[in-house]
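Heads up: the structure comes next, in structure tokens.
The values are calculated or read from the model by the stated rules, or taken from the named source; none is laboratory data. Everything quoted here is computed from the prediction, not taken from an experiment. FYI the Cβ positions are ideal-geometry reconstructions off the backbone, even for glycines, and counts take in every protein chain you see.
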Amino acid sequence: MERPVVIFAGPFGSGKTETAINYALQWAEEDQSVTLVDLDVVTTYLRLREVEERLREKGLKVITPSEAGNIDLPAITPQIWGALGGQDGRVVVDMGGSAPGARSMGQFSSHLEKVGYAMNLVVNPYRPFTTTVEGIEKAEREIADSSRLQFTALVSNPHLMGETTLEVIDEGHLIVQEASHQLGLPIAFLCVRADLVEEVGERYSVPILPLNRYLLAPWER
Amino acid sequence: MAKILMKGNEAIAEAAIRAGCEAYFGYPITPQTELLEYMSRRMVELGRVFLQAESELSAINMVYGAACAGARVMTSTSSPGFSLMQEGISYIVCSEVPAVVINVMRGGPGLGNIQPSQGDYFQMTKGGGHGDYNVIVLAPATLQEAIDLTILAFDLADKYRSVATIIADGMIGQIMEPVELPEIEPPKRPEQPWALTGAKGREKNIITSLYLGGPNLEKVNLRLQETLEEIKANEVRYAEYMLEGAEIVVVAYGTAGRIAQTVVQEAREEGIPAGLFRPITMFPFPYDRLDEVAKSVEHLLVFELNAGQMLEDVRLATRDRLPIHFYGKMGGVVPSPAEVLAQIKKIASPQQGER
């Protein structure tokens, strides 16, 4: 059974938001009580709240910081407590990046211990500080400490955006597998750009989450 | 792994490190803070100097000091912080010591907002601080280009003993792209007999920007102007896209240049003969080449994330010989390619009507 709260955390730019969006949309197909919570109070551009209307149109419940504008105040809305405290609801949390971004999660830690949660470390081994197992281990430690929560799994997200190929996924996933072994954490799933899913096929033993990009640069819109 | 996925701010920081930046001084400001954060981690790892100053004023003066000592030195900031640095930049230029300054621009004027903007074009290309001077201004449109231009900025600063800057808007700082970083090798720097390295066994060096009395300050100014002429003669850079047979040419740089490239492609697909001229050096501005390009086209469309600042240089380059249209957005608003395409269609439609 899925745990009531599924958190996506990880270093800056590891793909937490895209993963959380795609995961929440997929989950919501089976369970309409799913709510996606934007708990990222450190990212300034290309963040969940820019696409929340689009997600609502798809029928997803979304909670974002109340100040919808483009300001960089670390403020969260009390609605988040409502969502996390609910008895029946299922919640997907998009946490801020790295240790500073994870700090806002700390206030919920004792509550989450009670209701149960899954926390996934999203790893892209093509990002500067997580190209090695040691780097991934360091990120895991720092974010867990800062959020006062424990990771339950890794999410493997090896990609170079438009330049992702099977080889890129292969090489990157290998590093995440090695980190999974070292950390004693399973890989919950592997993210694969939607248009590459067919090509990837049955190549890996882990489940696959097809990723559709939502956060686009202005010239891609 | 050859390629790595980086954020613009990180890419500029890592490029500076690869270029042999020995000292970084800065003060956090959105949307460039990741640059400072990245430096705080990597510079310390490498045993180089990282210092978060108490303000942009002290940061730029620390840069001045390190530059006088002959260090490869850099600071980075965003618009309001760049304004604060103007006095120091003027001093550095007058003292003829090399330094690199990164400006990841945000919406202004005033405290403005944290969204992308190109509102500092005048300030960056026309001097910015007091006195007769210009700084070198390089405008990346992709993250790979941001890396290459950051490395170039250090070399140009050394070559001309002046300040080289990167003019990046917040979007360039914040987007992520796969990039390739050059291998680390010791930077090739010119001799620095002027540097303040301790005068033991040699004549003492004096670096100053104060020239009281007599014609000395005029001499310094004449030399600075000579340097600027050399820069104008040697360092003009630009990119051209689909100019072949183009009748409407968009002139844009940075994020606007990137959007314009998408737009030109879409216009061509719809049969509109559009092209793109993208200045890479905003100072020295590619006046001559743009004038040449304008001779064979019917319209120019200047597109900027401001009220029309580069527009003045485009008019100067072409002496207004052809219709120059302008499309700009201010206050951190970034238009979609569709909005810019609509501008091109507006220019093209009377012609299409005749056909």
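Observations
- Residue in the stretch B:244-256 that is farther than 18 Å from residue B:169 by Cα, outside the structural domain of residue B:127 (by TED's automatic domain parsing) and among the hydroxyl-bearing types (Ser, Thr, Tyr) present: no
- Test result for residue B:65, away from chain A (no Cβ under 14 Å), over 22 Å from residue B:108 (Cα atoms) and in a helix (DSSP H, G or I): yes
- In the stretch B:15-33, residue nearest to residue B:69 (Cα to Cα) [restricted to those that are surrounded by fewer than 24 Cβ atoms within 10 Å (Cβ to Cβ) and within 14 Å of chain A (Cβ to nearest Cβ)]: B:17
- If the condition is being without any contact (Cβ under 8 Å) to a residue 60 or more places away in the chain and part of a strand (DSSP E or B), then the stretch B:74-109 contributes B:75, B:77.
- Residue pairs meeting the criteria (Cβ under 7 Å; at least 6 apart or on separate chains; first more than 20 Å from residue A:104 (Cα to Cα), in the stretch A:16-39; second among the charged types (D, E, K, R)): A:25/A:58; A:27/A:90; A:31/A:90; A:33/A:88; A:33/A:90; A:34/A:61; A:34/A:90
- When restricted to residues that are more than 14 Å from chain A (Cβ to nearest Cβ), surrounded by 14 or more Cβ atoms within 10 Å (Cβ to Cβ) and assigned to a loop (DSSP other than H, G, I, E, B), the stretch B:163-196 contains 6.
- Annotation note: of B:127, B:112, B:131, the sole residue that is within 14 Å of another protein chain (Cβ to nearest Cβ), in a loop (DSSP other than H, G, I, E, B) and at positive phi is B:112.
- Taken over the stretch B:150-188, the criterion of being of a type in the set (Gly, Ala, Ser), within 13 Å of residue B:21 (Cβ to Cβ) and in contact with a helix residue (DSSP H, G or I) (Cβ under 6 Å, 6 or more places away or on another chain) is satisfied by B:164 alone.
- Condition check for residue B:212: of a type in the set (A, V, I, L, M, F, W, C) and either surrounded by 22 or more Cβ atoms within 10 Å (Cβ to Cβ) or under 19 Å from residue B:100 (Cα atoms) (or both): no
- Number of residues in the stretch A:128-160 that are under 17 Å from residue B:38 (Cα atoms) and not hydrophobic (A, V, I, L, M, F, W, C): the value is 6.
- Failed condition for residue A:140, given (1) under 14 Å from the mean Cα position of the chain (by Cα); (2) not in a helix (DSSP H, G or I): (2)
- Test for residue B:181: is it aliphatic (A, V, I, L, M) and over 30 Å from residue A:44 (Cβ atoms): no
- In the stretch A:15-37, residue nearest to the other protein chains (Cβ to nearest Cβ) [restricted to those that are in contact with a helix residue (DSSP H, G or I) (Cβ under 7 Å, 6 or more places away or on another chain) and buried (at least 24 other Cβ atoms within 10 Å of the Cβ)]: A:17
- Test result for residue B:138, within 29 Å of residue A:218 (Cβ to Cβ) and more than 14 Å from every other protein chain (Cβ to nearest Cβ): yes
- Among the residues of the stretch A:171-221, those identified as in a loop (DSSP other than H, G, I, E, B), within 14 Å of chain B (Cβ to nearest Cβ) and charged (D, E, K, R) are A:213, A:221.
Yes/no per residue for (1) over 30 Å from residue B:113 (Cβ atoms); (2) away from every other protein chain (no Cβ under 14 Å); (3) part of a helix (DSSP H, G or I):
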{"position": "B:239", "(1), (2), (3)": "no, yes, no"}
{"position": "B:243", "(1), (2), (3)": "yes, yes, no"}
{"position": "B:259", "(1), (2), (3)": "no, no, yes"}
{"position": "B:294", "(1), (2), (3)": "yes, yes, yes"}
{"position": "B:306", "(1), (2), (3)": "no, yes, no"}
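- Test: residue in the stretch A:114-125 that is more than 29 Å from residue B:2 (Cα to Cα), in contact with an Asp or Glu (Cβ under 6 Å, 6 or more places away or on another chain) and either within 14 Å of another protein chain (Cβ to nearest Cβ) or in contact (Cβ under 8 Å) with a residue 60 or more places away in the chain (or both): no
- For the criterion of being more than 28 Å from residue B:9 (Cβ to Cβ) and surrounded by fewer than 24 Cβ atoms within 10 Å (Cβ to Cβ), residue A:118 passes.
- Considering B:302, B:264, the condition of being crowded, with 16+ Cβ neighbours inside 10 Å, outside the structural domain of residue B:141 (by TED's automatic domain parsing), assigned to a helix (DSSP H, G or I) and out of contact with any Pro (no Cβ under 8 Å at 6 or more places or on another chain) is satisfied by B:264 alone.
- Whichever residue in the stretch B:234-269 is in contact (Cβ under 8 Å) with a residue 40 or more places away in the chain and among the charged types (D, E, K, R) and, among such residues, is farthest from residue B:348 (Cα to Cα): B:235
- Count of residues meeting criterion [among the charged types (D, E, K, R) and either surrounded by 22 or more Cβ atoms within 10 Å (Cβ to Cβ) or within 14 Å of chain B (Cβ to nearest Cβ) (or both)] in the stretch A:135-170: 6
- Residues being hydrophobic (A, V, I, L, M, F, W, C) and assigned to a strand (DSSP E or B) - total across the stretch A:30-44: 4
- Checking each residue of the stretch B:329-340 against the condition of being over 30 Å from residue B:134 (Cα atoms), in contact with a Leu (Cβ under 7 Å, 6 or more places away or on another chain) and either surrounded by 19 or more Cβ atoms within 10 Å (Cβ to Cβ) or not assigned by TED's automatic domain parsing to the domain that holds residue B:79 (or both) gives no match.
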